[in-house]
Amino acid sequence: MAPLSLHCDASGLRANGGPADPGVSSVWFRRPRAPESFPGTLEADLPFLRNEWSRFVNNVHALAGEFGDPLWVNAPRAAIDAENKMVQLHAARRAGLRFPATLMSSDPTEIRHFVGRHRRVVYKPFQTHTWQDAASGKMFSTYARIVDAEMLRDDASLRQCPGIYQAVVRKRHDVRVTLIGDRAFPVRLDTPPQEDFVDWRIASLADTMRAGPVELPAGMLEGLQRLMRELGIVFGCVDLAVDAAGDAHFLEVNQAGQFLFLEQAVPSMPMLQAMCALLAQGRTDYSPESIDGVNFADYLSSDEHQQWWERVGGGIKGKDGAIPGVSVE
């Protein structure tokens with residue numbers, strides 16, 4: 001780990017090392033974690049060290065805009081705020097985007113009134129969580145699904161855990177838009193009809209999702225760019241639901257989302273090249289052509305990837321191509 005120092009005195013605030021180094025043009029702030037392993041440390045000292053490192057790193061992130069002038073993808077304060085779903089919807093309203101009515105609540109009365117008003121409603125967790133069944137070894141995860149009467153029967157259950165409740169969009173298909181700086185890469189996602197579940201990730205797990213390039217409805221790109229400016233971020237993966245009339249409804253933006261699986265499915269979308277150009281040039285109006293010969297297909301066919309997959313593949317997918325223990329029931 002490279003040393004990093006923060007200074008503050010009468011002359012001002014400064015830093016040595018890290019993103020403040022003159023040669024740093026950009027910082028990819030994606031799923032950051034403080035150090036957890038400290039070789040040679042007594043077990044009793046680990047909680048203290050982990051807490052101190054966490055708080056030190058938080059200071060660095062909170063002051064990110066004060067040190068040097070690298071492009072942050074995304075700036076820590078904006079990234080943390082953008083993780084909040086209601087912050088996203090509030091920004092989407094200001095950006096002029098269409099989105100379904102949404103309730104966040106643990107109040108049984110409010111939840112039942114909302115469902116009664118909108119009839120078909122989706123429940124979504126704030127963050128996907130996975131449990132493993134001790135007896136069968138199967139993995140069960142929380143995905144967006146249609147609310148049924150049984151879910152609303154027990155007051156104590158509803159009060160126990162807040163949730164996100166959203167009016168259902170009777171969608172024809174999904175669109176995932178990866179926004180990398182000033183460029184957008186929209187991909188259409190088609191999934192088989194599912195009775196209760198509306199989350200395309202389930203079809204992805206079952207390998208029944210199909211992806212292809214798509215054009216955004218008129219004005220949608222400008223609206224998404226306004227959303228990004230409202231949130232103060234330069235990278236994000238937006239989920240849209242497109243109804244039978246062709247209207248797109250904003251669902252959410254993941255400021256640390258995955259995108260290479262889309263390039264694997266749609267090789268004509270050069271997202272890896274775009275991200276490399278964004279980071280290398282440190283500007284949102286980057287030139288993709290400056291990064292020559294970079295694409296995900298070449299990496300997947302490389303010896304480097306093959307060697308990596310031989311080490312870890314068995315724990316990710318079985319011989320049948322399925323993820324071991326994951327249930328898509």
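Being open to solvent by 60 Å² or more (accessible area, probe 1.4 Å) and touching a Pro at 6+ places or on another chain (Cβ under 9 Å), is that true of even one residue in the range 158-165? Outline the logic, then answer.
Residues of the range 158-165 open to solvent by 60 Å² or more (accessible area, probe 1.4 Å): 159-162.
With the extra rule that they be touching a Pro at 6+ places or on another chain (Cβ under 9 Å), the set shrinks to 159, 161.
Yes - at least one qualifying residue is present in the range 158-165.
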Report task. Being in a loop (DSSP other than H, G, I, E, B) and either touching a strand residue (DSSP E or B) at 6+ places or on another chain (Cβ under 7 Å) or surrounded by 14 or more Cβ atoms within 10 Å (Cβ to Cβ) (or both) is the filter here, so list the residues in the range 96-113 that pass it. Result -> L97, R98, F99, P100, A101, D107
Report task. Please find, among R183, R172, R188, the residue that is touching a Lys or Arg at 6+ places or on another chain (Cβ under 9 Å) and closer than 27 Å to A248 by Cβ. Result -> R188
Query raised in the report: Just to be sure, is V187 β-branched (V, I, T), farther than 26 Å from G65 by Cβ and modelled with pLDDT of 95 or more?
Result: yes
Query raised in the report: Of the residues that make up the range 227-247, is at least one part of a helix (DSSP H, G or I) and modelled with pLDDT under 95?
Result: no
Requested in this report: State whether one or more residues within the range 76-97 are in contact with an Asp or Glu (Cβ under 8 Å, 6 or more places away or on another chain) and more than 30 Å from L240 (Cβ to Cβ).
Outcome: no
Report summary line: All conditions in (1) farther than 30 Å from A144 by Cβ; (2) in contact (Cβ under 8 Å) with a residue 40 or more places away in the chain are true of F99 except (1)
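Per-residue answers, yes or no, for (1) in contact (Cβ under 8 Å) with a residue 12 or more places away in the chain; (2) on the phi > 0 side of the Ramachandran plot; (3) assigned to a helix (DSSP H, G or I); (4) surrounded by 20 or more Cβ atoms within 10 Å (Cβ to Cβ):
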{"site": "Q258", "(1), (2), (3), (4)": "yes, no, no, no"}
{"site": "Q273", "(1), (2), (3), (4)": "yes, no, yes, yes"}
{"site": "A277", "(1), (2), (3), (4)": "yes, no, yes, yes"}
{"site": "A297", "(1), (2), (3), (4)": "yes, no, yes, no"}
{"site": "E304", "(1), (2), (3), (4)": "no, no, yes, no"}
**Report entry** Candidate set from the range 122-152 (those that are closer than 15 Å to A167 by Cα and within 20 Å of the chain's Cα centre (by Cα)); member that is surrounded by the most Cβ atoms within 10 Å (Cβ to Cβ)
**Finding:** V122
Query raised in the report: Hey, does the range 204-216 have a residue that's open to solvent by 20 Å² or more (accessible area, probe 1.4 Å), among the charged types (D, E, K, R), in a strand (DSSP E or B) and within 30 Å of V27 (Cα to Cα)?
Result: no
Query - Scope the range 235-251; condition of a type in the set (D, E, K, R) and open to solvent by 50 Å² or more (accessible area, probe 1.4 Å); matching residues - result: D247
Query raised in the report: Is it the case that the range 83-95 has a residue that's part of a helix (DSSP H, G or I), of a type in the set (S, T, N, Q) and modelled with pLDDT under 95?
Result: no
**Report entry** Any pair with Cβ under 6 angstrom, 6 or more apart, that starts in the range 217-234 at a residue that is within 15 Å of V87 (Cβ to Cβ) and ends at one that is among the charged types (D, E, K, R)
**Finding:** E230/R94
Query raised in the report: Can you tell which of D182, D155 is more than 23 Å from A241 (Cβ to Cβ), in contact (Cβ under 8 Å) with a residue 24 or more places away in the chain and open to solvent by 70 Å² or more (accessible area, probe 1.4 Å)?
Result: D182
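The values are calculated or read from the model by the stated rules, or taken from the named source; none is laboratory data. The structure presented is a predicted model; accordingly, all values stated were derived computationally and were not measured. Don't worry about glycine lacking a Cβ; one is built from the backbone with ideal geometry, like all the others, and counts go over all protein chains shown. Accessible surface is based on the protein model in full, side chains and every heavy atom, while ligands, DNA and RNA are left aside. Shrake-Rupley method; radii C 1.70, N 1.55, O 1.52, S 1.80 Å.
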